[in-house]
Every structure is written in C-alpha cells, then in structure tokens.
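The values are calculated or read from the model by the stated rules, or taken from the named source; none is laboratory data. These numbers come from a predicted model, not from an experiment. We place every Cβ from the backbone using ideal geometry, glycine too, and count neighbours over all the protein chains shown. All accessible areas refer to the heavy atoms of the entire protein, side chains included, with ligands and DNA or RNA removed. Shrake-Rupley method; radii C 1.70, N 1.55, O 1.52, S 1.80 Å.
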Amino acid sequence: MDNTAKYLVPVEDLRKICKYEEELAFCQTTLDVPILDGVIGQARAVKAMQFGLAMDALGYNIFVVGAQGTGKSNYVQAVVAELAKHSTTPEDWCYLNNFQDQDRPIAVSLPAGQGRVFQKDMEELISELKVLIPKAFEASEYLQQKEAIIHAVQKQVDELIHAVEEEAEQASYSVEQTATGFTFEPIKDGKPISDEEYEKLSEQEISEIEEKGNGLEKSLDEALRASQSLENNATLQLIELEKQLAFLVAEPLINKLKKKYLQIPKIVEYLETVLKELAENHKTLKNATHVPVQTPLSIPEENEQGAINEEPAENETFVTTQGVKDSLVRYKVNLFVNNEASEGAPVVIEHSPYYYNLFGKIEYKSQMMAMSTDFTMIKPGAIHRANGGYLILQANEVLTDQSAWESLKKVLKYRQAVVENIGEQYRLVPTVTLRPEPIPLNVKIILIGSPSYFQLFTQDEDFQKFFKVKVDFDLEMARNSENMRQYVSFVSSLCQQGKLQPFNQAALGKIIEYGSRLAGQQNKLSTQFNDVTEVVYESAALAKVDAAECVDAVHVTNAIKDRKYRLNMWEEKIQEEILQDQILIATEGAVVGQVNGLVVVETGVYSFGLPARITARTYMGRGGVINIERETEMSGNIHSKGVLTLAGYLGGKFAQNKQLGMTAQITFEQTYDGVDGDSASSGELYAILSSLAGVPLQQNLAVTGSVDQLGEIQPIGGVTEKIEGFFDICQGKGLTGNQGVIIPARNIENMMLKDEVLAAVRDKVFHIYAVKTIEEGIELLSGVVAGKMGKNGKYPAESIFYLVDKKLQEYNKALGKVHF
C-alpha cells in the first residue's frame, strides 16, 4: 500500500517564515522605531498589577508569577518606581530614650527630612548645655547662694555647740575639742580637778559631778544630731539649688524646641521629660563627662536620699544596661528611618531577605566581658525602610529563612513592625535587651517567583489572606503585527542601551522566528526575553567582528548556532554513541515489535530531541500490558498513565466478545535514567500491534504522539526538537530518501524547524507525516491497511487488526485448554 502522500506535511508548514519585507515594512532598521515603553504581551499581568497597586485594603499584597526570563522583575521594578515617584513621601522615624522605662525606647515620627533636623537640634542642645551649665555653676550669684546656705548652717551649728559650752561652764565643766570629738573635764576654782583631788571628794560630790557630766554628754549628743540634720538639710538645699539652676539654664532652650515641634505632641512630651531629667541629672552636664555605670541584674534600690544605690551586692552577675545612667547618650536621637532624600514613596528591593535584613536588629557591643546595648543601637530592616511604600522580594530567597517568612506574615497581620532579636530566649547567659515601641506599618509587599514557588506558597493557609493579587506572566503572546512591532521596539531598546549596531529587516525577521521557536508555536512569540536578549547581543558581537554597519540575518543565524554549540556537548556525545552503534537505533529496514520513539532530554538551560528504541514482546497470558520501566520504578506517573491507556484501547478494539488473553511487555531499550511523559504512548501501541500481528514496522520512520483510549493521536511538546533529533541521526548515518517522522496532526503549527530540515524536506530526502489516529500511524509504519470492523464484527482479511485479532483468538483458545 502506498498511501503516504496524504499524510505529508508541506514544507511551508514546517516553519512560519517571517516575510519581513511585508510584515516589517514599518522600518528598515531598528533606528526607525522608538524604544519599548512598558512590557510586551502581558496585558493580563499589567491589568492585575494595576489593580493590586491601587488596592489599599488589608491583604492585597501581590505575588508576581512567571517563568524565568519573562521580564517580570524588571517590569515590577519599573512600574513600581514610576508609581512611587508620584506618591507621598512617608515620615521619618526616630527612636528616643524612654526615661521612665529605658528598656522600652519610644518611637516618634516626623515629616520627611525633619528627623535629621531634630537629631541635630538635640545634639546642639546638649552641646550648648555642656557649656552653659558649668558656667552657671561658676557664676557669682550661684556661689553667693551656695555660700549663704553653708554660712547659715555653720552659724546654727556654732550656736548649738556654744550652747553646750555655756551649759558646761555653768556646770563647772570645761569643753575640749579633739580629733575624735568633744571631751568634758570637771573644774574647781577655774582649774581642772586633778586625780588626787578627785579621790579626796566625797561620794556626794562625785555623784553630783558625774550627774552633771552625763547631762552634758546628752546635751552634746542632741547638739550633734541637730547639727547633722542641719548639714543634711543644707546638702538637700544645695542639690535643689543646683537642680533649679540647671532647670533655669535648660528651660529657655527646651521651650524654644517645644515651640518648634509644637505640632508633634509626642516630641513636646519628650522634651518636657528631658528638661526634668536634665535638672535631676545635672552633674552629667556640670562635669561634662561620660561615666559608664554597671548595674546588677536585680532591681536597683534607692538610698534614704532617693538616689540609686550603685554599690553591687556580693557575688551578683553583671551586664551593662542600655542608656548608662549618667551618660549623654540618653539624650541622643536615633534617626531610625530617614526619608529626607526620598522623592515620593520608597521602593526597597531586598536581595537577601534574611530575618535581620528584613526586620532590623538590636546590636550589642562587648565591654569588660559584658554585652551592652542602648536605644541608639536599634537598626532598621527593609520592612522599615519600605514603610509607606513598596517592598520587592524574590520568593525563592524568602524561603531560605523560614523565620523570615513567619515573621513577614505576622507583620502583615498586625500591620506593625517590631524590632527584636530572635533567639534571645536561648542564650546561656541572659543579657539585658530592649523592647522598642512598634512602628505602625503601611507597606505593599510584592513577591516575585516562578509557578513552582507559587504552588509552594499556596500550601500555606495564611498565604491567601495576605497575597490576594496574583500577577501572572505568560510565556507567550500572539504573533500579530502589533506584537511584532513591539518585538522590534524591544530590540531597538537593547541596541540603544547596549550601544549596538542597528538590526536590519532580515535580522529582525530571524529574531521574530526565534521568538516563535522559543514559544514552540508558529502563531506565538515567546515572552522569555532573557533568551532573546542574549541572541541580540551575540548577533551584534558577530556583526562587530565582521565590521558590518547593521546586524544581518546571517549574524542572527550564526549566533543561534553558536549558542547551540556551546550548550549541546551531551547531545553530540549521545549522537556519537548512536552513530557508533553503542546505542542501537536503526534508520533502515523493518522489524517486528520495534519502533523508533522520540524523546526530549532536558539539561537545565538546553533541551534536545533524540530517538529511543521502543520494543514490545507479546505472548499468551493474562498479564495485560506490562511496563518494564514501571516495574523497575523508572517510570514517571504520566508515562505510567499513558501505558495504562493502551490497555483500554486494546480492550475496546479486541476484547468485546472475548478476553484479551495476552501479556505484552514494552520498554525503552538502553534507557537508564527513567522515562516520563506520555508522548511515546502511540509508539508503544504501534510496537504491541506489530508484535501481535507479526507485521514489521519501518525503522526509517520515528514516531511521537500521545494516544487516548479511543485511538485518537493527541498533541505533545517538543515536536521541533524531536524532529530535528531524528533528522540529525539520519543525516549522520546517511539520508536514504525515505526517512522521516510521524507527528500528531495537531502539532503542525508547533513546528519551527531549522533550515537543514526544511532543505531536506524540500529535496524530498526527508519527510514529515501528520496523523490523527492510531490506524493512520500503523498504516504508515507497516505499509498494511489497519482494517475497519465490518457488520459481522470481523476485520478485513490480512489487515493489521485482523492479524491482531487472530493472534488473540489463538491465545484465548490455547489458554482455554490449560488446566490448573
């Protein structure tokens, strides 16, 4: 039977040639078209992005999905940056010392740019007070007041001592002041009584003298206590005088700042506290020194005067606290987020979204074997810098730190950013840490990832709550006049950015065809612009070597060939093994139960097609179709499904009035890395039918195509690579004129074959056949009619299906005679 012509695919259908003189008539070179404005062929993604950016409601963050190279990251950055320019610049944020609870620093916001001003104002305030307060304590007015207090107390003390002296004189006692205190000596006739005289006194006289002495001792004790009280009171007066003086010096400067920041109540309140603190801790500025203080972990106690007792208890463990008590650091301003240089809303792209990079941290420094920190060491993360704007993250990078993802969800849930160090609770030696006041959060987060990462994220039940907008980037777009114009604009943009030679019409036509090849469809163009960009740059480099004024078609063609050569080492090695008969692939003759299937091999950045020998052996039994790959756990789920489908087809054709009664083993010979996909299911079915019918199949043909249970040939992927893979083997072994490939008819528009294949088909030394059913395919492979069941339920004599049915009847008959 020679009925093959009707299945031949015309050469003009093997690749959609760009008729550049007609389709690109709007330009002669890329110099004639404007550069690209926006993104190409992503109308759905653009609309979704616009919606997501416009939504301010809780949870309307964005997940941008697309394959690598579709330009999604560049698009997101460009569209967000443009929108941010016209948005309101967010406020600055500062952290201030909390004088009431130093472990909980205060967060305060100011208009953009005012944070730096406030920081400088506080620095200047302290600098001025460091000069003015010491001067005030040197002023005559203060010294006079101080002297008056001291003089008054001294006078009162002198009067108390004098009263004791007078009492002693009346009691005939003298008073002597020594290094250790006061002593009383009894006197008689103006002279101290000697020991001899004292012994001669009567008991009555001695009793009277001792009684008077005890009275004087009591009076002296009372005087000394009163003196001590007067001195303590004077000390308190002096302290209060110093506080009042410091207060009076600082008050005008503080009031000036309060007036300046009157519209920010939190700062006004803070400045009032600062004034009180400056008065209470005036010695810090009076002495203008920075004295670090260590405090025990236990709560400090106050002494009787209300001051902190800084003496440590024995064997206490120490860490240095933030904001040392008498340090000038306590009055500093931590400019946490500074937007003074921002124009519009911030756009933060965090390439390393680990926990601390995202959420900030509290730093520590080591001093004297102790870890110290204070509110000035609170550092912002990307989430704080992006507050009021946009934070762009790569999904795969976010997943590298699980704590970052969990914390990000918490931030989005409560809409406030907290700075806290993770793992503090696991420290062996506890350290004093801070609990800064949370900052209200208003940020749009944009995650960018591939479809696989999107599926991974959707397994998280919280994901849908916080990322309600999906921006889906397509891998392809229609190959129409508008999109081809934009393709040319894209090339024009690359030429301008890279200062490349212009591309002429012929070169642009090749770029268009390359876009369709990448898309795997004649009427589509790929949106994986990374690949297109590389070909543009590499074509321009070849043109530069040739000193060409314009990039021509030959440069694009050679650039594509050079790219393939750099990547296809493994393809060539396998082809070499086939040509040397290390891997057995026949391209001539006919064999029963054997067919050349076609597979695609993926090597990361490069994929290629190769023939694979599929064999089937059938025999009597009840095993049905046995997939050897599946039995050896080398079969993927899709391939296993395809094999199981074959049993449905065979049962529908040949087991309506009898049991199938056969066992068929199928396998991919010399395949050791596993098999997946169902594109070889038609080839496997052809091999089974050949084995049952005993009719050989032509080895000069290779087949690809999925089959359903009804025998319909379904389209598959990688048709271009598969055809070219078998062509290369046939060409290597020598084209005989009758070699070719059988593909699904529905894959015709997916072919974008290389020039060598087109030339061979045009010269009729290689052929592409397209079939719709198993029947058409088996006829091409065997040269025997498949056969159609008649009204009598039988197939025409000597047809393929007749021979298959006959063999199955023989198996069933033999099985009926078997006794168990």
Q: Kindly check whether there is at least one residue in the stretch 590-602 that is closer than 30 Å to LEU781 by Cα and part of a loop (DSSP other than H, G, I, E, B).
A: yes
Q. Among the listed residues ILE149, ILE133, which satisfies the condition of being of a type outside the set (D, E, K, R) and more than 60 Å from the chain's Cα centre (by Cα)?
A. ILE149
Q: Would you please list the contacts, defined by Cβ atoms under 8 Å and residues six or more apart or on different chains, that run from a residue in the stretch 682-695 that is in contact (Cβ under 8 Å) with a residue 40 or more places away in the chain and open to solvent by 10 Å² or more (accessible area, probe 1.4 Å) to a residue that is in a helix (DSSP H, G or I) and hydroxyl-bearing (Ser, Thr, Tyr)?
A: ALA693/SER782; VAL695/SER782
Q. What is the one condition in (1) without any contact (Cβ under 8 Å) to a residue 12 or more places away in the chain; (2) buried (at least 16 other Cβ atoms within 10 Å of the Cβ) that GLN77 does not satisfy?
A. (1)
Q. Which condition breaks for THR667 when tested against (1) out of contact with any Ser or Thr (no Cβ under 8 Å at 6 or more places or on another chain); (2) farther than 19 Å from GLY725 by Cα?
A. (1)
Q: Could you tell me which numbered condition VAL443 fails, if it satisfies all but one of (1) without any contact (Cβ under 8 Å) to a residue 60 or more places away in the chain; (2) touching a Leu at 6+ places or on another chain (Cβ under 6 Å); (3) open to solvent by less than 70 Å² (accessible area, probe 1.4 Å)?
A: (1)
Q. Just wondering, is there one or more residues in the stretch 216-235 that are open to solvent by less than 60 Å² (accessible area, probe 1.4 Å), under 23 Å from LEU160 (Cα atoms) and not aliphatic (A, V, I, L, M)?
A. yes
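Yes or no, residue by residue, for (1) under 24 Å from the mean Cα position of the chain (by Cα); (2) outside any helix (DSSP H, G or I); (3) of a type in the set (A, V, I, L, M, F, W, C):
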{"position": "PHE454", "(1), (2), (3)": "yes, no, yes"}
{"position": "GLN464", "(1), (2), (3)": "yes, no, no"}
{"position": "SER492", "(1), (2), (3)": "no, no, no"}
{"position": "LEU518", "(1), (2), (3)": "no, no, yes"}
Q: Quickly run through the stretch 759-778 and pick out the residues that are open to solvent by less than 30 Å² (accessible area, probe 1.4 Å) and of a type in the set (Gly, Ala, Ser).
A: ALA760, ALA770, GLY777
Q: Output the residue which, of all residues in the stretch 365-383 that are open to solvent by 10 Å² or more (accessible area, probe 1.4 Å) and within 26 Å of the chain's Cα centre (by Cα), is nearest to THR433 (Cα to Cα).
A: MET377
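Matching residues to (1) of a type in the set (S, T, N, Q); (2) touching an Asp or Glu at 6+ places or on another chain (Cβ under 7 Å); (3) modelled with pLDDT under 90:
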| position | (1), (2), (3) |
| --- | --- |
| ILE126 | no, no, no |
| THR180 | yes, no, yes |
| THR183 | yes, yes, yes |
| ASP189 | no, no, yes |
| GLU203 | no, no, yes |
Q: Consider LEU781 carefully, then state whether it is modelled with pLDDT under 95, aliphatic (A, V, I, L, M) and either under 30 Å from TYR619 (Cα atoms) or in contact with a Ser or Thr (Cβ under 9 Å, 6 or more places away or on another chain) (or both).
A: no
Q) With respect to the numbered conditions (1) assigned to a helix (DSSP H, G or I); (2) at positive phi, which one is the sole condition not fulfilled by TRP570? A) (2)
**Q.** Filtered residues of the stretch 334-364 (kept if open to solvent by 70 Å² or more (accessible area, probe 1.4 Å) and either touching a Ser or Thr at 6+ places or on another chain (Cβ under 6 Å) or part of a helix (DSSP H, G or I) (or both))
**A.** TYR356
Q. Pairs, please: C-beta under 7 Å, at least 6 apart or cross-chain, first residue over 20 Å from GLY621 (Cα atoms) and in the stretch 792-807, second at pLDDT 90 or above and part of a helix (DSSP H, G or I)?
A. TYR795/PHE801; TYR795/TYR802; TYR795/ASP805; PRO796/TYR802; ILE800/LEU689; ILE800/ALA693; ILE800/ILE778; ILE800/SER782
Q. Of the residues that make up the stretch 35-57, is at least one on the phi < 0 side of the Ramachandran plot, among the hydrophobic types (A, V, I, L, M, F, W, C) and more than 27 Å from the chain's Cα centre (by Cα)?
A. yes
Q) What do you reckon, is LYS72 within 26 Å of PHE529 (Cβ to Cβ) and either in contact with a Lys or Arg (Cβ under 7 Å, 6 or more places away or on another chain) or surrounded by fewer than 17 Cβ atoms within 10 Å (Cβ to Cβ) (or both)? A) no
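To keep it simple, each residue is scored yes or no on (1) open to solvent by less than 40 Å² (accessible area, probe 1.4 Å); (2) not in a loop (DSSP other than H, G, I, E, B); (3) not hydrophobic (A, V, I, L, M, F, W, C).
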residue: LEU780; (1), (2), (3): yes, yes, no
residue: GLY787; (1), (2), (3): yes, no, yes
residue: GLU798; (1), (2), (3): no, no, yes
residue: LYS806; (1), (2), (3): no, yes, yes
residue: LEU815; (1), (2), (3): yes, yes, no
Q. Taking the stretch 653-670, which residues are open to solvent by 40 Å² or more (accessible area, probe 1.4 Å), within 13 Å of VAL804 (Cβ to Cβ) and not in a loop (DSSP other than H, G, I, E, B)?
A. LYS653
Q. Of all residues in the stretch 738-758, which are over 48 Å from the mean Cα position of the chain (by Cα) and either at pLDDT below 95 or open to solvent by 40 Å² or more (accessible area, probe 1.4 Å) (or both)?
A. ASN738
Q. Between a first residue in the stretch 401-416 that is without any contact (Cβ under 8 Å) to a residue 60 or more places away in the chain and a second residue that is among the aromatic types (Phe, Trp, Tyr) and buried (at least 19 other Cβ atoms within 10 Å of the Cβ), which pairs have beta carbons less than 6 Å apart while being 6 or more apart in sequence or on different chains?
A. ASP401/TYR355; SER403/TYR355; ALA404/TYR355; SER407/PHE359
(Q) Could you tell me how many of the residues in the stretch 14-33 are part of a loop (DSSP other than H, G, I, E, B) and either free of Cβ contacts under 8 Å to residues at least 12 places away in the same chain or closer than 30 Å to VAL741 by Cα (or both)? (A) 7
Q: Look at ILE392 and say whether it is open to solvent by less than 10 Å² (accessible area, probe 1.4 Å), in contact with a helix residue (DSSP H, G or I) (Cβ under 7 Å, 6 or more places away or on another chain), at pLDDT 90 or above and part of a helix (DSSP H, G or I).
A: no
**Q.** Pick from the stretch 713-736, criterion in contact with a helix residue (DSSP H, G or I) (Cβ under 8 Å, 6 or more places away or on another chain) and charged (D, E, K, R), ranking: least open to solvent (accessible area, probe 1.4 Å)
**A.** GLU724
